[in-house]
Every structure is written in C-alpha cells, then in structure tokens.
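Asker: Submitted below is the structure of interest, expressed as structure tokens.
The values are calculated or read from the model by the stated rules, or taken from the named source; none is laboratory data. Nothing here was measured: the structure is a model prediction, and the numbers come from that model. Cβ placement follows ideal geometry from the backbone for every residue including glycine, while neighbour counts extend to all protein chains displayed. Calculation scope for accessible area: heavy atoms of the full protein, side chains included, ligands and nucleic acids excluded. Shrake-Rupley method; radii C 1.70, N 1.55, O 1.52, S 1.80 Å.
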Amino acid sequence: MLLSFSQIVILTIYPREKHGVMMAAYSMAATVSSTVGPTYAGLLMDSVGWRGVFVSLLIIGALLIVCGIVFMCNVTPQQPAFLPIGSVALSSAGFAFFIIGLNNMKAGAFHLKSGGVMLLGLCALVAFSVFQLRARQPMLNLRVFQYPQFRLGVFFTICFYLISMGNAVILPILAKIICGFSDTSYGLATVVGALISVFATLFAGKIYDKVGIRPMSFVTVAAYAAYSVLGVFSHEGISIVYIGWMSALQSVAMAAMISPTTTIALSGLPQQDRVDGSAVFNTLRQIASSLASTTAVLLFALLGDDLPAIHGVYLYFGAITLLIAFLSFFVLPRISRANSR
C-alpha cells in the first residue's frame, strides 16, 4: 500500500523532467533498506537473539504510524471506492494454490498436490483476470497493459525481482551453510552493496532524466552477468570478500535499472490511469518477490541441497539475465522509437 501511494505522490507533485531523480531517491531508500537489513538483523541475532529483530520492527512500525498521522496529507482527488470481496477471495486463493503447488514440486509435476494444485491456482487467476477486464470498477485495472511502455517496465521489474529476491535466499545459504560464515560476517559483507547502491540509484536517476534508460540497461546486464558467473564458479573455500563482490554486483545491477523502469512504466500511462497502474505494478512486484524466493529454494532442493545445486540456481539467474538483455537491446529500442514518433 505504501509503495503504491509513494510513487503516485512523487509523480503527482513533481514535473515530468524531474521524475527520474525523484523516483531514484525513492528507490534508493527501498534498495538500501533491503541491503542493510541483513547486516542489522545479523547484529541483532548475534547480540540479543532473534526476538530482538521483531521487537525492533514493532518499534519502527509504531513510529511510522505516528509520523504518517502527523505529516501526511492528500495530494490526489478522492472518489468513492469499494472492496470487491469476491475478487479478493479469488485472487488470494489462486495465488495461494499456485505457490503451494510450486512448493510441492518435489512430488512430481503430474502429482495432484503439486501440478494439480498449481493448475487450480492458475484457473482461479485466469478467472480473476477475466472478471477484472469486464468489471466497471475493477479491483485491479488490468487494462493498463494496453500501453507498451507499461508492459515493458513490468517485465523488466519481474526479471529484476526474480534475481534480487532469489539472491536474498541463495546468497545467505552459500555464505552461511556452504562456506560457514557467521550472520554478522555475512551482514557486514553486504554493507558494500548497500553503499554502492545509494550512489548507483541516484546516478541512474540523473542519467535517465538526461539521456533515457538505455545506458543503464548495459550496466545492469553486465553486472548481472558478472554476478551469475561468480555464483557458478563459487566453492567452499571462497572468502567473505568474494561474497561481498557478489552482493555488490547484484546491488549495482538492481540499482541501475529499478528506478528507471518504474519511471517509464508509470510515466507511460495517462494521468488518470497512474493510480491503477501503480496498484497493478506493485502487486506484480510483490508476486514476483514471492515467486523468486520460492523458485530459488525449490531449484536448490531439486538439484541436491549442495554446492552443485547453488551453481544450478546461478545458471538460472544467468538465463534471466539473457532475457533482460533481449528486452534491453531489442524490445526497448522499438518502444522508444514508437514513442518518439
């Protein structure tokens, strides 16, 4: 909810020529928090135990609620709205069944509790999509997919999150279980990525405002490719610096494109459709996050729960990188030329 709200506020109160920089500042906060989080959690777990993590989250949540009540104000027009319970139930059930079936894939793709449950979930999601396209006041306005620039931004973001959120699961396994590093050591190794992502995100926003998104796509593809290669050639004897390099490359790749792709997706919509577009965009981003961690863990388990399984997951990340390269070098130029006419 806050992600969608924040993006709409930024795109509403700032002129179009500043969208890149302001969305970069917004994305910087999200990127840094996801990267600093492991360090913060590792220090808390090693010093006061796992309960300290949840106590700190409770305190931070309370502070956010107070700040929101005191400082936030409406910047967009309000209109009557209602929550379609049927659509909520259908979408929730469809996604839940799909994830449950995916988690049970060890039983085989044609088993009832895996493939059967996944098929049931897909049918529910298809029905939900049909209802949303036919509804006068849909819960998620899927008609925003008629805009090519929005579709491209969504596809880019899904690919980024499949790697980034998969990395959030697999890299700790490599560092802590395979290599035997402590929580604190792993957390400190990721600080480098956090610091780099701060400057990379702001730099990317400025470049986007001046010359567009294409230069950043080269950086992202190169960084993801190098990150995947390091993962494929990792072994039990790698140092914590090696882990730090992997985290830094992933952070650079994500920071270089996540803000520009969000900007092109939402800026490519008419003003009246941006609220709906932001809702769809962030919903799919959260779904991609869930699928990313589930898919990465599933691949790791299916391939043997060992170092070769880690290598297999990084080959999967490399395949997604190839898809990002295709979108960057072939699809993006076509859409850019079409918009310039």
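Asker: Under a 1.4 Å probe, what is the accessible area of the chain per residue, stated in Å²?
Answerer: On a per-residue basis, 51 Å².
Asker: Which three lengths, in whole Å and largest first, does the chain cover when its Cα atoms are put on their principal axes?
Answerer: Here the spans come out as 57, 50, 47 Å, largest first.
Asker: Under the Kirkwood approximation applied to all pairs of distinct alpha-carbon atoms, what is the hydrodynamic radius of region 223-335 in Å?
Answerer: Evaluated over region 223-335, this radius sits at 16.1 Å.
Asker: Quick check: at a probe of 1.4 Å, how many percent of the accessible area of the chain sits on carbon and sulfur atoms?
Answerer: In the chain, the share of accessible area belonging to carbon and sulfur is 72 percent.
Asker: Would you work out the charge dipole size for the chain about its Cα centre, treating the Cβ of every Lys and Arg as +1 and the Cβ of every Asp and Glu as -1, and quote it to the nearest 20 debye?
Answerer: Here the chain has a charge dipole of around 1080 debye.
Asker: Calculate the FRET efficiency for Q272 and I240 from the Cβ-Cβ distance with a Förster distance of 45 Å, rounded to the nearest 0.05.
Answerer: Rounded to the nearest 0.05, the efficiency is 0.35.
Asker: Residues with amide H under 5 Å of Y147's amide H, sequence separation 5 or more or different chain, H placed in the peptide plane at 1.01 Å from N; which?
Answerer: none
Asker: Let me have the 222 nm mean residue ellipticity of the chain computed from DSSP H runs of 4+ only, each contributing -39500 (n - 2.57), with the sum over all residues rounded to the nearest 500.
Answerer: It comes out at -26000 deg cm²/dmol, rounded to the nearest 500.
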